[in-house]
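Novice: Got a structure for you, written out below as C-alpha cells; questions coming shortly.
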There are 2 protein chains.
Amino acid sequence: MQEIELTHVDCADCPIRHRAVCARCEAPELDQLEEMKYYRSFEAGQTIAWTGDKLDFVATMVSGIATLSQTLEDGRTQMVGLLLPSDFMGRPGREVASYDVTATTEVVMCCFRRRPFEELMRSTPHIAQRLLEMTLDELDAAREWMLLLGRKTAREKIASLLAIIARRDASLTRGVPSGRMEFDLPLTREAMADYLGLTLETVSRQVSALKREGVIQLAGKRHVSVPDFDRLMLETGDDTDGGMPV
Amino acid sequence: MQEIELTHVDCADCPIRHRAVCARCEAPELDQLEEMKYYRSFEAGQTIAWTGDKLDFVATMVSGIATLSQTLEDGRTQMVGLLLPSDFMGRPGREVASYDVTATTEVVMCCFRRRPFEELMRSTPHIAQRLLEMTLDELDAAREWMLLLGRKTAREKIASLLAIIARRDASLTRGVPSGRMEFDLPLTREAMADYLGLTLETVSRQVSALKREGVIQLAGKRHVSVPDFDRLMLETGDDTDGGMPV
DNA sequence: CACCAATCTTGATCTCAATCAAGGTCCTCC
DNA sequence: GGAGGACCTTGATTGAGATCAAGATTGGTG
C-alpha cells in the first residue's frame, strides 16, 4: 500500500471529488478538501483492509474496482458492496473497517485523512448532506440487492448483474442504456458468485446458457456484448416499467 | 390513515425524537421540531404507503412494527427493512416511496411534514449528521442481512432472525443479551419467510426443529423464550467473537 | 515453445428447500 | 356453542442449485 505524491488537480480534472464529495463545485471548502487529499494505488487482488483493521482515511474511488465482503466462520463469503469509480469508501465516525475491502483490478483512490475530514464535515454542512445523499443511494442499492439474493433464480441473478454492470458502465460515458451494449466483466466467475450468493459453477452454467440462447455474446471469457438490452432486462425478473429510482 | 391531534410532549416523554432526530437534547432547534411534529396511527395490516405513492412526511416510529418490502413482477416479495420503535422512515429529498410500507402491528408514528423538515435540516447541520449516522447504521444492517440471504442455511436464517429480535428487544430495556431471554415474535410465519427469503412452510419446519431440540421454547405460536442466548447464537453461523459493530 | 497455474466449463450426483396437499389450532362473531 | 377464517404444522414429492470430479482454455514465464 504505497502512497502517491500529493498532487493538486483543479475541479475539472477531478470528477471524482466533484461527484462524490462536493455537490456544489464552487463551495469555498473545496480548497480545504483539495489540500487535504492524497492518492493511493493498490494492485489487482490486493487487500485494502481486513474487517477489524484500523482505517485512518476515507476515500473516493478514482479508477478500478474494489469489493466489500463479509465471511462466516466456516469461510462462506458474501460480497456486500461493489466500489466503482466515484464511489465513497469508509465511514466517518468509525475507526475500524467493518468489511474486507479488496481490489479486484488495479485501484486508485483519492484519500482524505479521517480526522481532518471529519472536522471539515462538522464545520461545513453540505458535505454531510452530500454524504447523506450518497449513503441513501447505497442503501437503495443494497435493498435492490437483497431482493435479488432472497428471491431471484440463478438465471435472473446473472441477468441482473450483467444489467447492473452494463448500465453503470454506460452511465459514465453514454446516456440511457438500450439496444446494443458492450463491456468488460470486471469480476471473475468466483467474484460474481460471491456477489450473487451462488457457486462459481452455477455462474458458469448460467452464463453459458444465456450465451447459447443469444441473450449475450462472449469474446474471450470476460468481454460481453449484449445485442439487445431490453431482451436482457426481460431475464432479470424486474418490473419492466419502473426502472431505477431517481 | 387518520391523523391524531397534535400533542406537545417534552423531551423526557419523547425518547423517539430524542434518539432518532435529536442527538443533543438541549439543542435549540428542538423547539422547531417540537412544533412541527404530529402523530399518526395505523392499524395492524394496514398499508402505510405503496411503492410510487407520494409521501409528504418523514417520521420516526413511536410504537409497533412496520416493514419495507419489494416485489417482483410475478409477486415474489422480499422484505428489505424492518421498522421498530425509534427507527426513522422516509427519505429527505425524495417525494415518492421506494418500497411498500406496511404496519404489521398497530403502529404510531411521529411525523414531520417533509418540506419544513428538509428546510430545518438544511439550516441545522447536526440533524443531517444524526440522519447520516442512522442511515449508515441501516446500511450496516442491510449488509448483514445480505450475508444472511446469500449464504446462510434455513436453520441459520431462523436462528439469526430470533437473535436479532431478541437482541433488539433487550437493548430497549435491559443491557447486554445473555442467558435466558423472552420476547414476542412480532411477525407472522409468512412475514418471517419474506424477511429471510424462504417459504412459510420452511420457516415453520425450522422453528419446530429448534423447539424440538430445546434451543427455544414456545408458548403459543408467538411467544418465544430462549433458555440460553449463546446456544442460539451458535446456530446463526456468525462469528462468535465479533458481535455487532459499534 | 513447453510448462505451469489460474481460471473457466461441463458432467454426474446429491441435498436442501420449494411445492403441493391435507389437517390442525385459535380467535372472532353470530 | 358452532361456523368461518386466519394462521400454523406436517407429510410427500419435486426440483434448482450445490457438490464432487474431470477436463479445457488462457496467459505468463523460463
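Novice: Test A:Thr188 against the criterion of being over 30 Å from B:Asp74 (Cα atoms) and either assigned by TED's automatic domain parsing to the domain that holds A:Ala44 or surrounded by fewer than 22 Cβ atoms within 10 Å (Cβ to Cβ) (or both), and give yes or no. So that I can check it myself, show each step before the final result.
Specialist: Working: over 30 Å from B:Asp74 (Cα atoms): yes; either assigned by TED's automatic domain parsing to the domain that holds A:Ala44 or surrounded by fewer than 22 Cβ atoms within 10 Å (Cβ to Cβ) (or both): yes.
So A:Thr188 passes the test.
Novice: Next up: Taking the condition facing chain B (nearest Cβ under 7 Å), more than 30 Å from A:Ala209 (Cβ to Cβ) and in a helix (DSSP H, G or I), does A:Glu118 pass?
Specialist: no
Novice: Looking only at the range A:139-154, which residues are assigned to a helix (DSSP H, G or I) and either surrounded by 20 or more Cβ atoms within 10 Å (Cβ to Cβ) or within 7 Å of chain B (Cβ to nearest Cβ) (or both)?
Specialist: Correct list: A:Leu139, A:Asp140, A:Ala142, A:Arg143, A:Trp145, A:Met146, A:Leu147, A:Leu148, A:Leu149, A:Gly150, A:Arg151.
Novice: Could you list, ordered by first residue, the pairs with Cβ atoms under 7 Å in which the first is in the range B:43-57 and β-branched (Val, Ile, Thr) and the second is not in a strand (DSSP E or B), at least 6 apart or interchain?
Specialist: Hits for this filter: B:Thr51/B:Ala97; B:Thr51/B:Ser98; B:Thr51/B:Tyr99.
Novice: Hey, can you tell me all the residues within the range B:73-91 that are within 7 Å of chain A (Cβ to nearest Cβ), modelled with pLDDT under 95 and touching a helix residue (DSSP H, G or I) at 6+ places or on another chain (Cβ under 7 Å)?
Specialist: Scanning the range B:73-91 gives a single hit, B:Arg91.
Novice: Evaluate the range B:178-185: report whether one residue or more is within 9 Å of DNA strand D (Cβ to nearest atom) and either outside any loop (DSSP other than H, G, I, E, B) or of a type in the set (Ser, Thr, Tyr) (or both).
Specialist: Among the residues of the range B:178-185, not one is within 9 Å of DNA strand D (Cβ to nearest atom) and either outside any loop (DSSP other than H, G, I, E, B) or of a type in the set (Ser, Thr, Tyr) (or both), which makes the answer no.
Novice: Right, here's the next one. Six or more apart or on different chains, Cβ atoms under 6 Å: show the pairs whose first residue is in the range B:201-215 and over 12 Å from B:Leu162 (Cα atoms) and within 14 Å of chain A (Cβ to nearest Cβ) and whose second is within 14 Å of DNA strand C (Cβ to nearest atom) and of a type in the set (A, V, I, L, M).
Specialist: As it stands, the answer is B:Thr202/B:Ala154, since those pairs meet every condition given.
Novice: Also, quick follow-up: Residue under question is A:Thr67, and the condition is that it be surrounded by 17 or more Cβ atoms within 10 Å (Cβ to Cβ), more than 20 Å from B:Leu132 (Cα to Cα), in contact (Cβ under 8 Å) with a residue 60 or more places away in the chain and away from chain B (no Cβ under 14 Å); does it hold?
Specialist: Values: surrounded by 17 or more Cβ atoms within 10 Å (Cβ to Cβ): yes; more than 20 Å from B:Leu132 (Cα to Cα): yes; in contact (Cβ under 8 Å) with a residue 60 or more places away in the chain: yes; away from chain B (no Cβ under 14 Å): no.
Considered against the rule, which asks whether it is surrounded by 17 or more Cβ atoms within 10 Å (Cβ to Cβ), more than 20 Å from B:Leu132 (Cα to Cα), in contact (Cβ under 8 Å) with a residue 60 or more places away in the chain and away from chain B (no Cβ under 14 Å), A:Thr67 comes out as no.
Novice: Check the range A:126-133 and report whether any residue there is touching a residue at least 12 places away in the same chain (Cβ under 8 Å), outside the structural domain of A:Glu106 (by TED's automatic domain parsing), under 29 Å from B:Arg91 (Cβ atoms) and more than 16 Å from DNA strand C (Cβ to nearest atom).
Specialist: Checking the range A:126-133: not a single residue is touching a residue at least 12 places away in the same chain (Cβ under 8 Å), outside the structural domain of A:Glu106 (by TED's automatic domain parsing), under 29 Å from B:Arg91 (Cβ atoms) and more than 16 Å from DNA strand C (Cβ to nearest atom).
Novice: Collect the residues in the range A:42-56 that are surrounded by fewer than 20 Cβ atoms within 10 Å (Cβ to Cβ) and away from chain B (no Cβ under 14 Å), keeping them in residue-number order.
Specialist: A:Glu43, A:Ala44, A:Gly45, A:Gln46, A:Thr47, A:Asp56
Novice: Another question, if that's okay. Quick check on the range A:185-229: of everything there that is within 23 Å of the chain's Cα centre (by Cα) and away from DNA strand C (no atom under 13 Å from the Cβ), which residue is farthest from B:Ser98 (Cα to Cα)?
Specialist: A:Ser225
The values are calculated or read from the model by the stated rules, or taken from the named source; none is laboratory data. Because the structure is a prediction, the values reported are computed rather than measured. A quick note on method: Cβ atoms are made from the backbone with ideal geometry, for glycine too, and the neighbour counts reach across all protein chains shown.
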